[in-house]
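Asks: Pasting a structure below so you can have a look.
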Amino acid sequence: MSTETASRLEMTPDWRPLRLQSLVLLRWLAIAGQTVGVFFVHFGLGFPLPLLECMTLIALSALLNIFLVWRYGSRANLSPRFAAVLLACDLTQLGGLLALTGGLQNPFSLLLLAPVSVSATTLPQLETLIIALFAAVIASIVAMVHMPLPWVPGHELAFDRVFVIGIWVAIVCGIAFISAYTSKVANDSRLIADALAATELALSRREQLSALDGMAAAAAHELGTPLSTIALAAKEMRADVDEGSQLAEDVELIIAQAARCRAILAKLRNLGGTDPTDPFAEASLSDVLDEVARHHEGRGKVILFDSQGVAGPDPIFPRSVGLLYGLGNLIENATDFAVQTVRIETSWDESRIVVLITDDGPGFAPELITRLGEPYLTSRPRDPQGADADQPGGLGLGIFIAKTLLERTGAKLTFSNENADGHAQVRIVWSRDTVVKQSATRVLT
């Protein structure tokens, strides 16, 4: 993953900005519902209630909406703290209405869960916790301090204290459940979305590099002929000039630089091979593993290859970006944690293809094995500004990206430790039919 991508993800917040327009719209809907409800109870059902006080609270909520739109504009993004303050205002206004109309005995006391749900969905966990506690406090206050529930004049509707306590317990439990569960689900969704975006960035970068490789190879092919002509003309000139003269030195310089250019062009030609019609568009499994492992040799670790129980010819894989990048990430991760050795074992038969990547490092943390492949899961936090800024780790996206890309090729990944001492193992299994279909599809396209 590029440094630019990593730094961009490290600054990714654990929340999504709440737009003022959304909050204002929700408040207008609440205002409309509260107005209709108060008027229906007072005029439709004929139940007396403090109409002036209720409409005053509703009007204050409407004035707050108007002020916010005038002051900040409807398209403004709210900071977590400011959004929490506005949700707390909504809870206060709703608590006031409930206190005027029967407290928790009012069926609409269930609406105390609404601001908590909005907070849990959009705000960080700290602000969500504050809103949840504030909602519980409001519910507790209106349970004890409230006016009678509007009812038929001359008749008082009384509820047993145990019933009211039960309503209070139900609301508090609902607040706790919504704030915890919704916040966790929303946070997981945000992490997955961010990690998928990182995967797309990584793939896009790899595809751009592949396209650049092809352009470089094409340029090398086109420049080869004129460069050969220059070299041939220079050699003919060398035969016509006196040795030791200034012109002879210039001719020798031209010949040497032409040879250097030809060597550079030869390297550029080797960068191509991503075209589906190119003979290098497909490669054997051994060649693919050798290609991706070559970049990690010379890092003080030994990479060993071993084929066990091999049956039949070496399977052929399309050299897709996802396959190369996914295998490369896993081998890089094994090399980072290995003490001395990384083993890459392959086996295949008529039904499946297996790759086993094992390092002699400390292994996967036991508490993380069952969660490996989730985004932002890492046991090696890193400070990007610290002394170890050049060391791998920190984001916890490597295994997620590798798992995602390889699963797109039809692979199934299993993570484990080889023994009690550690030695992390990644087992990658493809169905041979899946690989054959991918190769056939690539040929047809």
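Asks: I need the full set of residues from region 119-131 which are open to solvent by less than 10 Å² (accessible area, probe 1.4 Å) and part of a helix (DSSP H, G or I), in order please. Spell out how you get there, then give the answer.
Replies: Taking region 119-131 as the starting set, the residues that turn out to be open to solvent by less than 10 Å² (accessible area, probe 1.4 Å) are 119-120, 123, 128, 131.
Within region 119-131, Ser119, Ala120, Thr128, Ile131 meet the criteria.
Asks: Identify, please: which residue in region 416-436 is modelled with pLDDT of 85 or more and buried (at least 19 other Cβ atoms within 10 Å of the Cβ) and is, among those, nearest to Ile353 (Cα to Cα)?
Replies: Among residues in region 416-436 that are modelled with pLDDT of 85 or more and buried (at least 19 other Cβ atoms within 10 Å of the Cβ), the one nearest to Ile353 (Cα to Cα) is Trp430.
Asks: Here's a follow-up. How do the pairs read when you match residues in region 21-37 that are in contact (Cβ under 8 Å) with a residue 40 or more places away in the chain and farther than 15 Å from Leu111 by Cβ with residues anywhere that are among the basic types (Lys, Arg) and surrounded by fewer than 17 Cβ atoms within 10 Å (Cβ to Cβ), using Cβ under 9 Å and keeping only pairs 6 or more apart or on different chains?
Replies: Qualifying pairs under 9 Å: Gln21/Arg75.
Asks: Here is a check on your reading of the model: is Ser22 in contact with a Lys or Arg (Cβ under 7 Å, 6 or more places away or on another chain) and either more than 20 Å from Val118 (Cβ to Cβ) or among the hydroxyl-bearing types (Ser, Thr, Tyr) (or both)? Explain how you work it out, then say what you get.
Replies: Values: in contact with a Lys or Arg (Cβ under 7 Å, 6 or more places away or on another chain): no; either more than 20 Å from Val118 (Cβ to Cβ) or among the hydroxyl-bearing types (Ser, Thr, Tyr) (or both): yes.
Against the criterion (in contact with a Lys or Arg (Cβ under 7 Å, 6 or more places away or on another chain) and either more than 20 Å from Val118 (Cβ to Cβ) or among the hydroxyl-bearing types (Ser, Thr, Tyr) (or both)), Ser22 does not qualify.
Asks: Kindly indicate whether any position in region 323-333 is within 20 Å of Leu413 (Cα to Cα), without any contact (Cβ under 8 Å) to a residue 60 or more places away in the chain, under 31 Å from the mean Cα position of the chain (by Cα) and part of a loop (DSSP other than H, G, I, E, B).
Replies: No; the residues of region 323-333 include none that is within 20 Å of Leu413 (Cα to Cα), without any contact (Cβ under 8 Å) to a residue 60 or more places away in the chain, under 31 Å from the mean Cα position of the chain (by Cα) and part of a loop (DSSP other than H, G, I, E, B).
Asks: Suppose we keep only residues that are under 13 Å from Val429 (Cα atoms) and of a type in the set (D, E, K, R) within region 323-349. Which one would you say is modelled with the highest pLDDT? Lay out the reasoning, then the answer.
Replies: Just the residues of region 323-349 that are under 13 Å from Val429 (Cα atoms), to begin with: 323, 327, 345-349.
Subsequent filtering for residues that are of a type in the set (D, E, K, R) retains 345, 349.
On the way: Glu345: 90, Asp349: 84.
Result: Glu345.
Asks: List the residue pairs whose Cβ atoms are under 6 Å apart, where the first residue sits in region 77-91 and is more than 17 Å from Ser183 (Cβ to Cβ), the second is open to solvent by less than 30 Å² (accessible area, probe 1.4 Å) and in a strand (DSSP E or B), and the two are 6 or more positions apart or on different chains.
Replies: So the pair list comes out as Leu78/Leu18.
Asks: Scan region 234-282 residue by residue and report those that are modelled with pLDDT under 70, assigned to a helix (DSSP H, G or I) and of a type outside the set (A, V, I, L, M).
Replies: Once the filter is applied, which keeps residues that are modelled with pLDDT under 70, assigned to a helix (DSSP H, G or I) and of a type outside the set (A, V, I, L, M), region 234-282 yields Lys267, Arg269, Pro279, Phe280.
Asks: Among (1) in contact with a Gly (Cβ under 8 Å, 6 or more places away or on another chain); (2) buried (at least 18 other Cβ atoms within 10 Å of the Cβ), where does Ile167 come up short?
Replies: (1)
Asks: Looking only at residues that are open to solvent by 60 Å² or more (accessible area, probe 1.4 Å) and part of a helix (DSSP H, G or I) in region 141-164, which one is nearest to Pro115 (Cα to Cα)?
Replies: Ile141
Asks: So, one more: Working only within region 38-61, note down all residues that are of a type in the set (S, T, N, Q) and touching a residue at least 12 places away in the same chain (Cβ under 8 Å).
Replies: Start the filter on region 38-61 by keeping residues that are of a type in the set (S, T, N, Q), which leaves 56, 61.
Selection gives Ser61 alone.
The values are calculated or read from the model by the stated rules, or taken from the named source; none is laboratory data. Remember, it's a predicted structure, so these values are computed and weren't measured experimentally. Every residue, glycine among them, receives a Cβ derived from its backbone with ideal geometry; neighbour counts consider all protein chains shown. Please note that ligands, DNA and RNA were not included when accessible areas were found on the heavy atoms of the full protein model with its side chains. Shrake-Rupley method; radii C 1.70, N 1.55, O 1.52, S 1.80 Å.
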